Amino acid sequence: MSTPRNPVVVVPARMGSSRLPGKPLADIAGEPMIVHVWRRAQEADLGPVIVACGDEAIAEAVRGAGGMAVMTPADLPSGSDRVHAAVEAIDPDREYDAVLNLQGDLPTVSPDALRAALAPLSTDGVDIGTIAVEIASWADAADPNVVKAVVEMADGARIGRALYFTRAPAPSGDGPLYHHHGLYGWRREALAEFVALPSSSLERRERLEQLRALAHGLRIDVSVIEEAPQGVDTPADLERVRRLFGG
């Protein structure tokens, strides 16, 4: 297993959102949110950037900004499935050996965060890379909406192996807790394997699909970074991001 040399960035996006309908096309400083995410991915200069769309309106917005959009079935069960469908459609010969799955609701994501998600794949045996930040408050530690990564990390290291993900405060004892952010760097073969796997009992219990990967023996390593990307899940999140963009 070698370090991937030809990654592609895929941004899954669909209009359905219970808390913020039409989220990908929400206006931020005069442009749809999905266009801002596409631009952040372009700035990272990791490889081609493709938006995997569940709705034609999203594809039109991306293409109107000069980006590449691929239509995928609207009823796919997860972003991972949408990413896989898009990559298989554009690259059936599998020239891309790694896939960075960037959520379409991260308009402030930094190039460094994107690179950090791919960095663990430089280690043999790692199937999936992702990112986390240290939790600064007990309120966040206790919040079930803040997903914690339980990571085996050597002293002084910034990348460690994920042993578990949970909505509970974990692990116990002295030491940092890490807030996991769902930005994933996949080896191409690991992504294909993952979407074909059945869901696991802990995945269903915690409502965290990354537990399916761990249950079936895929290795996930976590890069700890200083600043988390700000996601947009609610109208309040959207207003906060608009203020950051001066809107």
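Please treat every number below as a calculation from the coordinates, not as lab data. Just so we're clear, the structure is a prediction, and the values are computed from it rather than from any experiment. Cβ: placed from backbone, ideal geometry, glycine included. Neighbour counts: every protein chain shown.
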Exercise for review: Give the shape of the range 110-228 as rounded, prolate or oblate, defined through the alpha-carbon gyration tensor: a ≥ b ≥ c are the square roots of its eigenvalues, a/c under 1.5 means rounded, and otherwise the shape is prolate if a/b is larger than b/c and oblate if not.
Suggested key: oblate
Review point. With a sphere of radius 13 Å drawn around the Cβ of R19, what net charge do the other residues whose Cβ falls strictly inside it have (Lys, Arg +1; Asp, Glu -1)?
Key: -2
Study note, to complete from the structure: In this structure, the FRET efficiency calculated for T123 and A192 from their beta-carbon separation, with R0 = 22 Å, to the nearest 0.05, is 0.65
**Study point:** Projected label distance in nm at M68 and V146, using a 7 Å step from Cα toward the beta-carbon
**Key:** 3.8 nm
Exercise for review: Evaluate the distance, in nm, between pseudo-label points positioned 7 Å from the Cα of R94 and of T234 along their respective Cα→Cβ axes.
Suggested key: 4.3 nm
Exercise for review: Classify the range 110-166 as rounded, prolate or oblate, taking a ≥ b ≥ c as the square roots of the eigenvalues of its Cα gyration tensor: rounded when a/c is under 1.5, otherwise prolate if a/b is larger than b/c and oblate if not.
Suggested key: prolate
Review point. Dipole size in debye (nearest 20) for the range 1-107 around its Cα centre, Lys and Arg Cβ +1, Asp and Glu Cβ -1?
Key: 260 debye
Point to revise | F245-Q42 pseudo-label distance in nm [points 7 Å out on the Cα-to-Cβ vector] | key: 1.4 nm
Review point. Put +1 on the Cβ of every Lys and Arg and -1 on every Asp and Glu Cβ in the range 155-247; which of P229, S172, I159 then has its Cα farthest towards the positive end of the dipole?
Key: P229
Exercise for review: Could you please rank T123, T108, T130, placing first whichever residue has the fewest other Cβ atoms within 10 Å of its Cβ?
Suggested key: T123, T108, T130
Study note, to complete from the structure: tail above 33 Å in the computed P(r) of the chain, as % of all Cα-Cα pairs, reads 14 percent
Revision key, fill the gap. If every Lys and Arg gets +1 and every Asp and Glu gets -1 at its Cβ, then about the Cα centre the chain yields a dipole, in debye to the nearest 20, of 280 debye
